[in-house]
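Input: a single structure, listed below in structure tokens.
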Amino acid sequence: MTQTRSLWEHGVKTGIIGGVAVLVIALVGMVESFHRRDIIAEVITMGQVLLLIGGVFIGYIAAKRTGSDESLAPGLNAVIGSSVTGGFLAFLVIVGRLINLRAVLVNASPMLYKLLTLGHKGVAGIFIILLIGMGCGVFAAALFYLPRLTRRVIILSLSSMIIAGVLQDLIRPVIAAWGPVAVVSEWLFTGNGLTVSGSISIVILIAVVMTAWALKGQDIKSGYGNLSGGSQRGIKISAFFMLAVVLLALPHILGLFLSEVLTIVGLYVLLGLGLNIVVGYAGMLDLGYVAFFAIGSYVTAVLTSPELGFFSLTFWQALPFAVVLGIFFGVLLGIPVLKMRGDYLAIATLGFGEIIRILVLSDFLRPWLGGAQGAGKIPKAAIMGYQFITPQQIYYLILAGCILVVFISLRLKGSRLGRAWMAMREDEDVAQAMGINLVATKLLAFATGAGFSALSGAIFASKLGSVYPHSFNVIISINILCLIIVGGMGSIPGVIVGAAALVGLPELLREFAEYRLLVYGAALVAMMILRPEGLWPEVRHKMELHAEEENNIGEPEPSTAT
């Protein structure tokens with residue numbers, strides 16, 4: 001009996017958790033709200049895709065939790081987990097038709113029941129919910145048993161199609177504006193959603209590209225490695241030139257709104273690169289990082305704003321002061337927390353961030369900083385008469401800052417100081433025993449990260465033309481830390497990818513802003529379960545977490561059935 005129970009207990013337990021999750025998603029109104037947008041026109045909506053993804057995810061987690069079992073147990077648990085999750089939705093429909101739940105749960109509407117049952121009434125609708133849940137489990141089991149490469153190709157191909165459908169209102173105008181390829185937009189998209197042929201084409205294209213790269217990518221890398229130094233240098237220069245052309249043309253291609261989104265993402269990239277020094281390189285958890293962002297902004301405001309009326313400097317004259325004072329306060333924070341590690345360091349730095357915010361709000365500093373009303377009339381940055389006013393112009397200022405910070409980060413990573421940071425991240429005691437000066441190394445990490453944050457704060461103040469205390473709450477620090485973790489700790493490309501995923505994507509989906517934090521939290525949970533190393537992890541970190549898997553690409557995993 002115990003052995004029989006162990007075959008399905010992971011499926012039941014995971015299914016119950018998933019059932020509660022999908023009930024919450026349904027009853028907060030996400031399914032009904034997302035249903036307004038089609039992924040594939042007149043075939044499947046965003047709300048239906050949300051539920052299907054939830055069902056497949058629960059089934060896959062149930063199979064994964066079963067462990068390395070060379071039997072049908074993982075597949076059985078996948079089907080059970082997804083079926084139990086579907087059972088919760090079926091139970092909601094049954095209860096909702098017997099009792100008026102809208103008196104308590106306003107989103108438990110007849111429209112929700114209609115969406116869940118695909119418009120069918122009575123027993124047929126309940127049967128459809130259970131059948132779809134079981135189908136999600138079968139698909140999850142198939143993914144689990146497939147070779148790693150095949151699973152990755154399927155997931156990313158379908159994900160690309162879904163993302164194209166979600167971002168259709170942004171992708172369609174951009175493609176249509178390109179003139180000669182405008183016909184592609186009409187072929188891929190309808191008025192609401194992808195065409196059937198367009199969605200199939202996207203899936204096939206991504207699958208072919210990924211498969212080809214998996215099969216021939218290593219040969220291409222080997223061929224590149226066998227080239228002479230001059231040839232490799234020429235390829236690198238050509239690649240950098242093409243990237244520079246794309247980056248310079250981007251705001252003119254994307255338009256005003258998307259350029260504004262890029263500026264927001266760019267500011268978070270700057271902040272993320274700074275915190276990546278402290279957390280990713282040196283391994284010190286800093287939750288008060290927004291304090292240096294605030295310092296950079298307010299120093300710029302004090303030195304440039306005629307509203308405060310102290311110095312009336314230009315942006316470029318104030319920028320060095322903002323960065324230097326950011327570095328100074330970074331060292332000032334580092335001195336009292338030198339002996340702290342882990343959670344204690346996080347709490348101490350969190351307190352520092354709150355101290356800065358409260359000081360800015362205080363009546364004592366109001367004559368100098370503006371108090372709760374903040375400071376306005378901050379002049380825009382300008383070079384030889386060219387002012388960075390519009391989002392398309394400010395983009396270039398932020399891009400220059402990002403390039404500078406990326407260059408410094410890359411140089412530091414391979415330097416003696418960078419290696420000292422990484423040694424300290426792995427084990428402080430061993431690093432100290434090897435002769436690393438922990439005091440100087442920690443202070444340099446805090447100072448460097450604070451300087452980058454202050455630079456971002458100065459650009460932020462110039463971009464908005466005003467600063468307010470409420471722009472620097474602790475949630476900013478949490479967001480920056482999350483984008484580093486999601487992107488990949490210690491990885492510079494990971495910071496950029498994390499900022500695009502956690503900052504750019506929510507900005508693009510403003511119509512669903514009321515569910516932003518809920519989706520944000522769910523995405524973080526899913527990310528930590530499925531890919532804890534991040535979207536674009538550092539090579540060393542990835543090797544530590546997935547050393548065995550990297551040697552088995554394209555082969556069945558040990559946990560698969562024979």
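Taking each residue of segment 465-476 that is assigned by TED's automatic domain parsing to the domain that holds S362 and assigned to a helix (DSSP H, G or I) and looking for partners that are of a type in the set (D, E) and surrounded by 15 or more Cβ atoms within 10 Å (Cβ to Cβ) with beta-carbon atoms closer than 8 Å, six or more apart or interchain, yields V474/E354.
Which is touching an Asp or Glu at 6+ places or on another chain (Cβ under 9 Å) and either of a type outside the set (A, V, I, L, M, F, W, C) or modelled with pLDDT under 85 (or both), of G165, G125, G135? Criteria check complete, one pass: G165.
Of all residues in segment 357-376, one or more are assigned by TED's automatic domain parsing to the domain that holds L262, without any contact (Cβ under 8 Å) to a residue 40 or more places away in the chain, among the aliphatic types (A, V, I, L, M) and assigned to a helix (DSSP H, G or I).
Looking at I408, I403, I378, I398, just one residue is crowded, with 19+ Cβ neighbours inside 10 Å, under 21 Å from L455 (Cβ atoms) and under 27 Å from the mean Cα position of the chain (by Cα), and that residue is I398.
For segment 299-333, the set of residues classified as of a type in the set (A, V, I, L, M), in contact with a helix residue (DSSP H, G or I) (Cβ under 7 Å, 6 or more places away or on another chain) and not in a loop (DSSP other than H, G, I, E, B) consists of V299, A301, V302, L303, A318, L319, A322, V323, L325, I327, V331, L333, listed by residue number. Of all residues in segment 283-301, at least one satisfies being buried (at least 24 other Cβ atoms within 10 Å of the Cβ), more than 18 Å from P537 (Cα to Cα) and polar (S, T, N, Q). So which residues in segment 413-461 are free of Cβ contacts under 8 Å to residues at least 24 places away in the same chain and not hydrophobic (A, V, I, L, M, F, W, C)? Scanning segment 413-461 gives G414, S415, R416, R419, D427, D429, Q432, G435, N437.
In the set M284, M340, only one residue is assigned to a loop (DSSP other than H, G, I, E, B), out of contact with any Phe, Trp or Tyr (no Cβ under 8 Å at 6 or more places or on another chain) and of a type outside the set (D, E, K, R); that residue is M340.
Within the option set L256, L267, being surrounded by 12 or more Cβ atoms within 10 Å (Cβ to Cβ), in contact (Cβ under 8 Å) with a residue 24 or more places away in the chain and not hydroxyl-bearing (S, T, Y) holds for one residue only, L267.
Per-residue answers, yes or no, for (1) basic (K, R); (2) more than 17 Å from V138 (Cβ to Cβ); (3) modelled with pLDDT under 90; (4) more than 24 Å from the chain's Cα centre (by Cα):
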residue: M1; (1), (2), (3), (4): no, yes, yes, yes
residue: G18; (1), (2), (3), (4): no, no, no, no
residue: E42; (1), (2), (3), (4): no, yes, yes, yes
residue: G67; (1), (2), (3), (4): no, yes, yes, yes
residue: A78; (1), (2), (3), (4): no, no, no, yes
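If the condition is being at pLDDT 80 or above, outside any helix (DSSP H, G or I) and not hydroxyl-bearing (S, T, Y), then segment 487-513 contributes G488, M489, G490. Of all the criteria given as (1) farther than 27 Å from T190 by Cβ; (2) in contact with a His (Cβ under 8 Å, 6 or more places away or on another chain); (3) not β-branched (V, I, T), the one not satisfied by Q48 is (1). Per this entry, G87 is counted among residues that are in contact with a helix residue (DSSP H, G or I) (Cβ under 7 Å, 6 or more places away or on another chain) and either outside any loop (DSSP other than H, G, I, E, B) or free of Cβ contacts under 8 Å to residues at least 40 places away in the same chain (or both).
The values are calculated or read from the model by the stated rules, or taken from the named source; none is laboratory data. None of the values given here were measured: they were computed from a predicted structure. All Cβ positions, glycine included, derive from the backbone under ideal geometry; neighbour counts span all protein chains shown.
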